[in-house]
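Read the figures in this text as sums done on the coordinates, not as results from a lab. Keep in mind that what you see is a predicted model, and the values were worked out from it rather than measured. Virtual Cβ from ideal backbone geometry, glycine too; neighbours counted across all protein chains shown.
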Amino acid sequence: MLKAAGEQLERSDLLIFNTGYWKYRNEDFVKYANGFPALSVEAAHFIRTSLPVCKAVAIDTISIENVNDAPENHFAVHNALLTKPDFSERSLLIYEDINPEPSSARNLGLHLQHRFAFAVWARHS
């Protein structure tokens, strides 16, 4: 799904995954904190290895990875984005638990996918 964004994604400094779950933070925290959408390990590897301009990822959920799987897989998504020994590419910043609503209202290169929406802020040269 990330590859479908094409050139706009490749020019982005920051990827913001707007899943819509930020809406549950104040309305239904139990729902917000459980069963939320998360980044796959494969997506994290793709971002780190195939998007050299990207410096950070942000998501509107409590964690960028599935918290039930994380202890078993040794926090593979976080490690794919952060750890240095496994990758020659730079580490990325991770922002979790964001509210993208104020930014989404402005015209900043918003790009929506079918079921998994994310905003892509492209660097303009």
Among Leu82, Leu9, rank each residue by its count of other Cβ atoms within 10 Å, from fewest to most, as a rough exposure measure. Leu82, Leu9
Take Lys23 and Phe87, extend 7 Å from each Cα along the Cα→Cβ direction, and tell me the distance between the two endpoints in nm. 3.1 nm
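Please order Ser88, Ser40 by the number of other Cβ within 10 Å, starting at the fewest.
Ser88, Ser40
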